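The values are calculated or read from the model by the stated rules, or taken from the named source; none is laboratory data. Quantities reported herein were computed from a predicted structural model and do not represent experimental measurements. Neighbour counts run over all protein chains shown; Cβ positions are idealised from the backbone, glycine included. Note: areas computed on protein heavy atoms with side chains; ligands, DNA, RNA excluded. Shrake-Rupley method; radii C 1.70, N 1.55, O 1.52, S 1.80 Å.
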Amino acid sequence: MKCQEKSTKDRILEEALVLFAKKGYLGTSMNDIAARLGVTKAALYKHYAGKQEILDCIVKKMNQMDQQRVKQYAMPEGSMTDVVKGYQTAELSKIAAFTKAQFRHWTEEAFPSRFRKMLTLEQYRDPKMAKLYQHYLASEPVAYMAEIFKGFTNDAAEAEQLALEFYGPIFLMYSLYDGAADKDDIVTRVERHVERFSVKLQAKLKEKACDAR
């Protein structure tokens, strides 16, 4: 069954994800989803063949949201080579703005925030969920950023270290945000981190440029 249909199918995804974020994907049944929606399980199966198809469509929606955000902020697209070249010519202030938007996406927007919480819950219980967690929140973001920074530094080891220094605090602040009474304060900390890192990176690039002369 395709994932393009609107309204009822989208509502099912949203309500299923509410349950997945609270009880976990493995701990939620189709009966639970039907009960939350106030429909019979038979009615639910008219839209989705089962939990796996619901999850597949949730992942597809997440990818669509990512693409929309990249376009909204006019960030580099295409092959990794094209992306790296795009970042090399992009203003750091633009990259910083996109990074802040990414953090708000994963913490303030209901759908991606619940997706993040579901993956955090299930990463230790299901290999497929662990793979999704690594792809969206852990190893893949670090690898992606390392490739971008390598375009700035031409040094793979230094680029990986920069990626860790940049993303590590942001990754930690996802958890701080979830438990914080003052969530705006955590967003402000992220903004300060991005600004300080941008200053540090600019200084490092200037230093390299001077050494190269």
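State all residues of region 107-130 that are under 18 Å from SER175 (Cβ atoms) and basic (Lys, Arg); if no residue qualifies, say none. The answer is ARG114, ARG116, LYS117.
State all residues of region 61-94 that are among the basic types (Lys, Arg) and either open to solvent by 80 Å² or more (accessible area, probe 1.4 Å) or within 19 Å of ILE33 (Cα to Cα) (or both); if no residue qualifies, say none. Let's see the steps before the verdict.
Residues of region 61-94 that are among the basic types (Lys, Arg), as a first pass: 61, 69, 71, 85, 94.
LYS61, LYS71, LYS85 - these are the residues of region 61-94 that are among the basic types (Lys, Arg) and either open to solvent by 80 Å² or more (accessible area, probe 1.4 Å) or within 19 Å of ILE33 (Cα to Cα) (or both).
For region 178-208, a tally of residues being under 20 Å from PHE115 (Cα atoms), open to solvent by 20 Å² or more (accessible area, probe 1.4 Å) and not small (Gly, Ala, Ser) returns 2.
Those residues that are among the small types (Gly, Ala, Ser) and either open to solvent by 70 Å² or more (accessible area, probe 1.4 Å) or not in a helix (DSSP H, G or I) (or both), I need them from region 163-177; list them, please. Show your work before the answer.
If we filter region 163-177 for residues that are among the small types (Gly, Ala, Ser), which is where we start, we get 163, 168, 175.
Passing the criteria: only SER175.
Can you name every residue in region 93-123 that is at pLDDT below 95 and either in contact with an Asp or Glu (Cβ under 7 Å, 6 or more places away or on another chain) or among the hydroxyl-bearing types (Ser, Thr, Tyr) (or both)? Within region 93-123, SER93, ALA96, THR99, LYS100 meet the criteria. Residue-level check: of (1) polar (S, T, N, Q); (2) modelled with pLDDT of 95 or more; (3) in contact with a helix residue (DSSP H, G or I) (Cβ under 9 Å, 6 or more places away or on another chain), ASN63 misses just (3).
The set of residues in region 122-156 being farther than 19 Å from GLN88 by Cβ, among the small types (Gly, Ala, Ser) and either over 15 Å from the mean Cα position of the chain (by Cα) or assigned to a loop (DSSP other than H, G, I, E, B) (or both) consists of ALA138 alone. Only a single criterion out of (1) out of contact with any helix residue (DSSP H, G or I) (no Cβ under 7 Å at 6 or more places or on another chain); (2) part of a helix (DSSP H, G or I); (3) at pLDDT 95 or above is not satisfied by ASP32, namely (1). One residue stands out in region 95-112 among those that are assigned to a helix (DSSP H, G or I) and not hydrophobic (A, V, I, L, M, F, W, C): the one that is most open to solvent (accessible area, probe 1.4 Å), namely ARG104.
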